[in-house]
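One structure below.
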Amino acid sequence: MNFRQVHLDFHTSEKIPGIGSEFSKEQFQKALKLGHVNSITVFAKCHHGWAYHPSEANERHPNLDFDLLGAQIEAAHEIGVKTPVYISAGLDEKLTRRHPEWLRRGRDDRIGWEHPHYREFCMNTPYLDYLIKQIEEVVTNYDCDGIFLDIVGVRVCFCQHCVKTLLDEGKDPYDEANAAELGERVYAEYCRRVRAAVDAIKPGLPVFHNSGHIRRGRRDLADVDTHLELESLPTGGWGYDHFPLSAAYSRTLGKQFLGMTGKFHTTWGEFGGFKHPNALRYEEALCTAFGAKCSIGDQLHPNGRFDEATYALIGAAYSEIEEREPWLDNVESVAEIAVLSEEAVYNYYGSSKVLHSSGADGDTGAVRALLEGKYLFDVIDAEEPLDKYKLLLLPDHIRLDERLTKKIKAFTAAGGKVLATGESGLDFDDRFVLDLGCEMKGKSEFRPVYFRPKFELDALANAAFVIYEQAYDIEAKPGAEVTIERENPYFNRTTFAFSSHQHTPNDPSARFPAATTGADGGYISSELFSEYARKGSLIAKLLLHGMIDRLLGEKTIISNLPAQSVATLMDQPAESRLVCHLLYASPVRRGSGIEVIEDIVPLYGVCVSVKTDRTPKKVYLAPEMTDLPFEYRDGRVSFGIEKLSMRQMVVIDY
């Protein structure tokens with residue numbers, strides 16, 4: 001899988017004339033070279049349903065008079081650029097009015113024709129046969145380097161085909177559980193048929209099914225893909241929190257993966273929109289810092305002519321990736337902490353609570369707090385082994401059944417520690433199954449509450465700090481250490497009892513345990529990871545860091561880097577070296593829901609210490625090949641960087 005990819009959107013209305021009329025092989029190749037691109041996903045079929053090649057299984061776009069797909073593949077291959085081929089699987093707008101009975105329906109059976117948007121097809125209809133023929137035609141007729149199938153996934157559908165299927169099985173088609181179970185079967189059959197169709201022509205050809213999010217805890221869904229493409233446009237609704245979380249999980253699955261951002265100021269379909277080159281440089285650096293390869297979304301003009309300003313922008317990022325590739329490939333993450341994902345556990349228990357990129361705020365808050373604290377971590381599901389980690393985080397909503405309890409107890413028996421928050425660590429009878437130093441009494445009647453830590457904080461003097469999310473009443477076990485105490489407000493705010501503008505102040509006359517440690521780890525009696533995701537309060541992060549430090553012990557990376565920086569460590573065993581990625585850029589909010597990166601502020605006098613049991617032979621900057629003075633003492637290699645301007649890779653040969 002290549003490092004420098006472009007996903008070239010080409011969703012083009014039949015009402016636009018001259019499709020591909022300005023395509024030029026020379027200009028196409030010039031743009032790819034300008035962008036330092038070595039793989040480009042080109043279109044066989046778009047969301048409007050049109051083919052961009054001669055077709056018997058579909059219809060060529062009415063305003064296209066030549067084989068655009070074939071011309072693009074030939075031009076790219078001529079200069080050594082790979083060409084995976086895109087096929088819109090779930091959407092085919094031209095077909096919607098011809099076969100509305102094949103469309104996915106909600107319980108109310110409505111389609112919503114009046115809105116200008118695409119409508120999705122159900123794979124439990126004859127549409128699947130229609131789609132498979134299109135896939136077979138492309139794989140047979142073109143030298144494609146893979147197939148990208150878009151807008152697919154497990155769907156709940158109440159179309160008449162799905163209703164009939166369940167009625168024929170003697171089931172209530174409007175029962176949510178029945179509909180969900182059928183959705184799983186339909187998607188599995190779709191994936192089976194796609195793989196069989198492709199392998200009958202070109203065995204092993206890479207195939208990826210895109211649903212916009214890699215669902216944590218659904219390894220069965222990832223297993224149908226030969227690789228993973230993590231769609232994560234920071235300005236397109238995903239935000240800058242999404243990619244690190246998704247990548248930290250995806251890299252545990254044993255597949256090659258890439259991070260997909262966009263050149264747009266906003267998101268897909270934005271013609272004439274550009275982000276600052278520094279934003280794209282940072283996003284691609286972030287991909288590689290997490291062990292991913294790179295993809296940048298672009299949208300080709302209907303006339304087929306590449307926008308050279310776009311490829312100059314892409315080249316600003318990809319030229320830097322190209323010269324760093326020797327230190328980026330075949331790497332393994334070094335991690336000391338595992339975050340057992342809320343989303344993964346929801347899926348483990350069969351819940352569909354989290355279906356896209358939001359909804360598990362405990363995961364988001366955990367990753368944000370760990371990144372800002374320069375802890376090394378992976379995000380894991382219930383299947384991932386725990387033996388490589390020192391500390392396991394259970395964020396907010398991780399109830400433990402017998403199987404998970406047995407696995408985690410084996411981890412703590414081997415010396416690992418656990419930090420649980422909220423209702424995590426409890427069984428389904430509200431009892432802690434691990435020794436975290438306390439017993440559960442129930443949810444607190446007060447909200448908010450106030451936490452007063454018994455340890456020193458990095459940035460604040462001690463006080464009673466407001467905690468907004470749900471708190472829990474606990475009782476410390478004999479001999480347990482109480483690390484944080486709680487004070488309640490005088491009363492909850494109601495119509496007839498309120499004080500000041502927001503919430504009632506703390507009542508300092510009584511204190512209760514809020515966090516404890518026991519033989520197996522620690523517990524914080526609030527949904528503090530979700531609090532950090534939703535509120536971003538400094539105190540939430542400081543309390544989490546304080547508890548993590550007590551349980552983890554010595555960190556792998558110690559530095560003087562600021563909170564918004566990123567530090568990761570990759571092992572490249574085939575080259576006998578560690579690669580430490582250091583990044584710094586600070587997104588700012590502009591407009592409604594848009595985070596941008598523009599100015600890069602350099603950091604000076606950066607000091608880093610890395611814990612490793614491998615004796616370092618040499619420490620140097622890559623790709624500059626500048627040797628760095630270093631000291632190796634007590635299992636730590638320490639070095640300094642005079643200037644860090646957005647990104648730096650430090651290589652430790654061992």
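The values are calculated or read from the model by the stated rules, or taken from the named source; none is laboratory data. This one's a predicted model, so the numbers in the text were calculated from it and none came from an experiment. Neighbour counts are summed over all protein chains in view; Cβ atoms, including those assigned to glycine, are modelled from backbone coordinates with ideal geometry. Side chains are part of the model used for accessible areas, which takes the heavy atoms of the whole protein and leaves out ligands, DNA and RNA. Shrake-Rupley method; radii C 1.70, N 1.55, O 1.52, S 1.80 Å.
Measure off, as a whole percent, the carbon and sulfur share of the 1.4 Å-probe accessible area of the chain, all protein chains present.
Values: 12780 of 25970 Å².
Roughly 49 percent of what the probe reaches on the chain is carbon or sulfur.
Excluding Y240 itself, what net charge comes from residues whose Cβ is under 10 Å from its Cβ, given Lys and Arg +1 and Asp and Glu -1? Intermediate results must be reported in sequence, preceding the final value.
Values: positive: R368; negative: D241, E283, E595.
Counting the neighbours of Y240, the net charge comes to -2.
Against the chain, whose longest principal axis is taken from its Cα atoms, helix 25-34 shows a tilt of about 20°. Legend: Rg and Dmax of segment 225-298, from Cα coordinates, 11.9, 38 Å.
Net charge near L582: determine it from the other residues with C-beta under 10 Å of the C-beta of L582, scoring Lys and Arg +1 and Asp and Glu -1. Let's see the in-between values first.
On the way: positive: K374, R647; negative: none.
Once positives and negatives cancel, what remains is +2.
Taking square-rooted eigenvalues a ≥ b ≥ c of the alpha carbon gyration tensor, is segment 252-389 rounded, prolate or oblate, where a/c under 1.5 means rounded and, failing that, a/b exceeding b/c means prolate? Don't skip to the end; give the middle numbers.
Working: a/c = 2.43, a/b = 1.63, b/c = 1.49.
Since a/c reaches 1.5 and a/b is larger than b/c, the shape of segment 252-389 is classed as prolate.
Under the rule a/c < 1.5 gives rounded, and otherwise a/b versus b/c splits prolate from oblate, where does the chain land using the Cα gyration tensor? Oblate, since a/c reaches 1.5 and b/c is not below a/b.
For a test of the definition: using alpha carbon positions, the gyration tensor, and the 1.5 limit on a/c, classify segment 1-52 as rounded, prolate or oblate. Please list the in-between numbers first.
Numbers: a/c = 3.29, a/b = 1.54, b/c = 2.14.
Oblate shape, in that a/c is at least 1.5 and b/c is the bigger or equal ratio.
State in Å² the accessible area per residue of segment 1-109; use a 1.4 Å probe, count heavy atoms of protein chains only, and round to the nearest integer. The partial results should precede the final answer.
Numbers: 4130 Å² over 109 residues.
That works out to 38 Å² per residue.
Going by alpha carbons, how many degrees (0 to 90, nearest 10) lie between the helix axis of 402-413 and the longest principal axis of the chain? Taking the Cα atoms of the chain, the angle to 402-413 is about 60 degrees. By a 1.4 Å probe calculation restricted to protein chains, H242 has an accessible surface near 10 Å², given to the nearest 10. Remark: relative contact order (the chain) = 11 percent; criterion is Cα-Cα distance under 8 angstrom and separation of 6 or more residues. Working note: Cα atoms of segment 376-495, range along each principal axis, descending, whole Å: 49, 35, 30.
With the whole protein complex present, E137 retains an accessible surface near 30 Å², based on a 1.4 Å probe.
The angle between the Cα long axis of helix 127-141 and the main principal axis of the chain comes to about 70°, on a 0 to 90 degree scale.
For segment 491-623, what is the convex hull volume of its Cα atoms per residue in Å³?
Numbers: hull volume 30.5 nm³, N = 133.
In segment 491-623, the Cα hull volume divided by residue count equals 229 Å³.
Taking 19 Å as the limit for the C-alpha separation, the pairs K374/K611; K33/K263; K293/K388; K33/K255; K417/K555 exceed it in the case of K293/K388; K33/K255.
Stretch S13-D429 to full length: gain in nm at 0.36 nm per residue minus the Cα-Cα span? Mind dumping the intermediate values first?
Working: separation 416, 0.36 × 416 = 149.76 nm, distance 5.66 nm.
Working it through step by step, the gained length comes to 144.1 nm.
Excluding ligands, DNA and RNA, the accessible surface per residue across segment 378-465 is 46 Å² with a 1.4 Å probe.
What does the charge add up to near R534, with Lys and Arg as +1, Asp and Glu as -1, over the other residues with Cβ less than 15 Å from its Cβ? Overall, the nearby charge balance is -4. Multiplying the residue separation of F274 and E26 by 0.36 nm and removing their Cα-Cα distance gives an extension gain of 86.9 nm.
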